[in-house]
Structure formats: C-alpha cells, structure tokens
Amino acid sequence: MSKAVAVEDSVLTPVAPPPALLRDFYFAATERLMLGLVRYRDRAFRLGPLTLIEFGPPSQTTHGWTFPISGGLLVAEPGGELWIGSAGGRTTVAIAGYRPRIPLPIFRVTQLLYHHFVIRMARLQLRGRLRADAPPAPPTARLAVGAIDAVVCFALARGHLRRVIPLAVAYHVACWSFGGLTLGGL
C-alpha cells in the first residue's frame with residue numbers, strides 16, 4: 001500500500017470566480033498547458049487511449065468543488081480528492097489522500113513538480129481573467145527586477161552566452177514553482 005500525499009497551492013484572487021468557472025477552468029487550463037497532449041474527457045485526464053487519472057462526479061462545497069480520485073495509471077489505489085475552491089481572497093487547488101503508483105521519492109521529483117507547476121499556472125490564468133485590485137508595478141521597479149534576475153542568470157552561466165537562455169528558463173520556472181517569486185522579485 002502506497003502512502004497518501006497532499007499538495008496545496010493557492011493564489012490571490014481579490015474577486016472570487018463564479019462556481020461554474022471554478023469547476024471547469026482547471027481542467028481546460030491543464031489541457032492548454034499540456035499542449036493538448038493530455039486531454040480531459042469523461043472526468044479523466046487521458047494521454048491518447050491511456051487514462052492517467054480518473055475522477056468521480058464532482059460535489060459542490062461551500063467554497064468550491066471536490067472531485068474524488070477513482071483510478072488511472074498514475075493512481076496506486078482509489079481514494080483521495082482534488083479540491084478547487086475560493087475563499088478569503090485566495091483560490092486554492094488541493095490534492096489530499098492521493099496515492100501515487102510510483103515510489104514517493106520518484107513522485108517528489110516528477111509528479112509533484114508537475115502538480116505545482118500546472119496548478120499554479122492554471123490558477124494564474126484564472127486570476128488573469130479577473131479584475132486585479134492592486135495597481136501594477138511601476139516601470140522602474142520592473143526594470144530593477146529584470147536587471148537583478150539577468151545578473152543572477154549571467155552569474156549562473158559563468159559568462160557563457162549559450163548557457164544564459166536555458167539557465168534563465170530553468171531559473172524562472174524553478175523560482176515561480178517553488179516560491180512564486182524570483183530573487184529580483186523578492
């Protein structure tokens with residue numbers, strides 16, 4: 001029997017999304033982020049004919065929706081749930097009680113990183129459709145952040161120009177996935 005894992009990510013959403021959008025947006029955004037290779041059909045993520053993860057019928061809660069995890073190739077045994085909700089100015093996607101088929105150390109360096117990345121990107125896309133209450137950062141602050149991040153990337157590349165672009169991509173994805181901010185953004 002594999003151990004259950006829990007993953008939770010949230011993003012500020014000053015305006016709560018309507019319930020129907022909360023229920024449907026994550027799955028459509030995941031398809032877009034996976035470039036259409038993984039599709040959400042019949043309450044399951046599918047890669048061609050393979051069912052990666054399957055969900056039971058959704059249930060509406062006070063602040064969102066729960067989707068019971070019922071099976072699939074990535075699931076060791078049915079159980080756990082996906083919860084998508086919005087409360088207190090935050091939209092959250094959480095997975096609780098999920099039992100991955102692969103060993104936990106491998107899960108942490110593969111599926112867990114995927115969960116954080118896709119969940120965060122989907123929620124940021126959702127927030128982008130809503131009015132933001134905070135004013136945007138001034139151009140001088142944005143330039144300063146970009147300059148700091150550029151210096152960090154050039155330092156990591158040790159002056160090799162061919163390494164700067166791949167390092168910059170990896171640096172930004174890692175920073176945004178783990179903390180939501182780059183060093184310049186801090």
request  = Would you be able to tell me the number of residues in region 56-75 that are part of a loop (DSSP other than H, G, I, E, B) and not polar (S, T, N, Q)?
outcome  = 7
request  = Scan region 48-72 for residues that are under 17 Å from R101 (Cβ atoms) and either open to solvent by less than 60 Å² (accessible area, probe 1.4 Å) or modelled with pLDDT under 90 (or both) and report the count.
outcome  = 8
note = Result of the Cβ filter at 8 Å on region 12-38, keeping first residues that are in a helix (DSSP H, G or I) and partners that are exposed (fewer than 14 other Cβ atoms within 10 Å of the Cβ) and at pLDDT 80 or above, at least 6 apart or interchain, is P19/Q60; R23/Q60
remark   = Of the conditions (1) closer than 15 Å to Q125 by Cβ; (2) open to solvent by 60 Å² or more (accessible area, probe 1.4 Å), the single one that R39 does not satisfy is (1)
ask   = Is it fair to say R32 is open to solvent by 30 Å² or more (accessible area, probe 1.4 Å) and under 25 Å from G79 (Cβ atoms)?
value = no
query = Taking region 73-95 as the region of interest, how many residues are of a type outside the set (D, E), closer than 30 Å to P49 by Cβ and either touching a Lys or Arg at 6+ places or on another chain (Cβ under 9 Å) or open to solvent by less than 40 Å² (accessible area, probe 1.4 Å) (or both)?
reply = 12
remark   = Across region 170-186, the tally of residues that are open to solvent by 40 Å² or more (accessible area, probe 1.4 Å) and closer than 24 Å to P138 by Cα stands at 7
key: Long-range neighbours under 8 Å by Cβ, at least six apart or interchain, first residue without any contact (Cβ under 8 Å) to a residue 60 or more places away in the chain within region 173-186, second surrounded by 14 or more Cβ atoms within 10 Å (Cβ to Cβ) and among the aromatic types (F, W, Y)   = V173/F117; T182/Y171; T182/W176
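The values are calculated or read from the model by the stated rules, or taken from the named source; none is laboratory data. No experiment lies behind these values; they were computed from the predicted model shown. Note that we place each Cβ from the backbone using ideal geometry, even for glycine, and neighbour counts take in every protein chain shown. Quick note on the areas: whole protein, heavy atoms, side chains included, nothing else; ligands and nucleic acids left out. Shrake-Rupley method; radii C 1.70, N 1.55, O 1.52, S 1.80 Å.
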